[in-house]
Amino acid sequence: MRDLKGPQFLHIMTKKGRGYEPAEKDPITFHAVPKFDPSSGCLPKSSGGLPSYSKIFGDWLCKTAAKDNKLMAITPAMREGSGMVEFSRKFPDRYFDVAIAEQHAVTFAAGLAIGGYKPIVAIYSTFLQRAYDQVLHDVAIQKLPVLFAIDRAGIVGADGQTHQGAFDLSYLRCIPEMVIMTPSDENECRQMLYTGYYYNDGPSAVRYPRGNAVGVELTPLEKLPIGKGIVKRRGEKLAILNFGTLMPDAAKVAESLNATLVDMRFVKPLDEALILEMAASHEALVTVEENAIMGGAGSGVNEVLMAHRKPVPVLNIGLPDFFIPQGTQEEMRAELGLDAAGMEAKIKAWLA
């Protein structure tokens, strides 16, 4: 083509898994694989146990769709990863895989909402970044009731820097009238999806991590009061304000330090009354989130305190200001001080 004159178009036809027969036969399963013996062609089987957050979302999606024929679900080529296989088979006329076209996914959802449907965009945190302009201009400005189910929020593990869900709270929090929810377990995740689905005053988002749930009881679905957190434990002097699924580790730290523990639930709107109550009754506050510290939920808490002229010391615990490298979720949380031991060490060093 180098020797040809004028514009040229080269169309290359690729075959996923080419050269490795098991992958050619099952390209979806072999898209992202753990360690395995390539000579056998067999991937390690799941150990079972607790369902993933993606499975929790998929189950909720199917049950809700069975009751409401206005529900429409959209994914940008992440059917399997987002837990939507069962939905796509049960409700093929309401399932839309728009391929790797995140911008179109969001604008399409906006169009469905204008048409009176109830669109849900199931998307990875890192991929929603690609459609930021569409979230702002096509959804938020029009205050359309689009629900964003944000999977792979926080540390994702082996996929590394390109896939870490480190920034969604920061880039969504500044969008006017956007409701942002951070469940601490699978039951809260279901309740928040339900709350967001029936929220009609604008867009909403529920962010949840890669990995398995924690095994709490699933209770009947009900709408949560928008912008309200709950106190999980009463302690003294120190209050830990937790946003999201680091709650089990935050709870261990609260027990060890006899700290108050709050499940904030909402990043936007923040429970300002609860934050001010904690500031008035404690000597110091700690915020915990699996998002970039810069511009994240903790930054929102700082803004509330400064706006009300409450000079209480605050330690923000979250993802530091660099791209998180590859490693298992457990390894990276330990390295970044986001497990119980790391959090406690950070707090003790800060208080010293």
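Out of (1) in a helix (DSSP H, G or I); (2) in contact (Cβ under 8 Å) with a residue 60 or more places away in the chain; (3) under 25 Å from R190 (Cα atoms); (4) not hydrophobic (A, V, I, L, M, F, W, C), what's the single condition that is false for S256?
The number of the failed condition is (3).
Being at pLDDT 95 or above, more than 15 Å from R207 (Cα to Cα) and among the hydrophobic types (A, V, I, L, M, F, W, C), is that true of even one residue in the stretch 142-162?
Yes; the residues of the stretch 142-162 include at least one that is at pLDDT 95 or above, more than 15 Å from R207 (Cα to Cα) and among the hydrophobic types (A, V, I, L, M, F, W, C).
How many residues, within the stretch 87-113, are touching an Asp or Glu at 6+ places or on another chain (Cβ under 8 Å) and either under 15 Å from L147 (Cα atoms) or in contact (Cβ under 8 Å) with a residue 24 or more places away in the chain (or both)? Reasoning before the result, please.
Pass one, the stretch 87-113, residues touching an Asp or Glu at 6+ places or on another chain (Cβ under 8 Å): 88, 103, 106-107, 110.
So of that shortlist, the ones also either under 15 Å from L147 (Cα atoms) or in contact (Cβ under 8 Å) with a residue 24 or more places away in the chain (or both) come out as 103, 106-107, 110.
Adding up the residues that qualify gives 4.
Are any residues in the stretch 19-29 surrounded by 10 or more Cβ atoms within 10 Å (Cβ to Cβ), assigned to a loop (DSSP other than H, G, I, E, B) and more than 29 Å from the chain's Cα centre (by Cα), and if so, which ones?
Y20, the sole residue that qualifies.
Against the definition (surrounded by 15 or more Cβ atoms within 10 Å (Cβ to Cβ) and closer than 30 Å to G337 by Cβ), how does D151 come out, yes or no?
Against the criterion (surrounded by 15 or more Cβ atoms within 10 Å (Cβ to Cβ) and closer than 30 Å to G337 by Cβ), D151 qualifies.
Could you identify the single residue in D263, D168, D249 that is surrounded by 18 or more Cβ atoms within 10 Å (Cβ to Cβ), touching a helix residue (DSSP H, G or I) at 6+ places or on another chain (Cβ under 8 Å) and either outside the structural domain of E283 (by the TED database) or of a type in the set (V, I, T) (or both)?
None of the other options fit; the residue is D168.
Counting just the residues of the stretch 211-235 that are in contact with a helix residue (DSSP H, G or I) (Cβ under 9 Å, 6 or more places away or on another chain), closer than 30 Å to L351 by Cβ and of a type outside the set (A, V, I, L, M), which one comes out surrounded by the most Cβ atoms within 10 Å (Cβ to Cβ)?
Selected residue: G229.
Of all residues in the stretch 213-253 being in a strand (DSSP E or B) and of a type outside the set (V, I, T), which is nearest to E290 (Cα to Cα)?
If we filter the stretch 213-253 for residues that are in a strand (DSSP E or B), which is where we start, we get 230-233, 238-243.
From what's left, of a type outside the set (V, I, T): 232-233, 238-239, 241-243.
Working: K232: 19, R233: 21, L238: 20, A239: 18, L241: 13, N242: 10, F243: 8 Å.
Ranking the qualifying residues of the stretch 213-253, first place goes to F243.
Any residue in the stretch 123-145 that's in the same structural domain as A166 (by the TED database) and part of a helix (DSSP H, G or I): show its pairings with residues that are among the small types (G, A, S) and surrounded by fewer than 21 Cβ atoms within 10 Å (Cβ to Cβ) at Cβ separation under 8 Å, as long as the two are six or more apart or on different chains.
A140/G202
Could you please tell me which pairs satisfy a Cβ distance under 7 Å, a separation of 6+ or placement on different chains, a first residue in the stretch 187-201 that is on the phi < 0 side of the Ramachandran plot, and a second residue that is buried (at least 18 other Cβ atoms within 10 Å of the Cβ) and part of a helix (DSSP H, G or I)?
Listed pairs, sorted by first residue: C189/Y53; C189/I56; R190/I56; R190/W60; L193/F57; L193/W60; Y197/T64.
Of all residues in the stretch 317-352, how many are within 19 Å of A251 (Cβ to Cβ) and among the polar types (S, T, N, Q)?
Here the count works out to 1.
The values are calculated or read from the model by the stated rules, or taken from the named source; none is laboratory data. From a predicted model like this one, the values you see are computed outputs, not experimental measurements. So basically every Cβ, Gly included, is an ideal-geometry build from the backbone, and we count neighbours across all protein chains shown.
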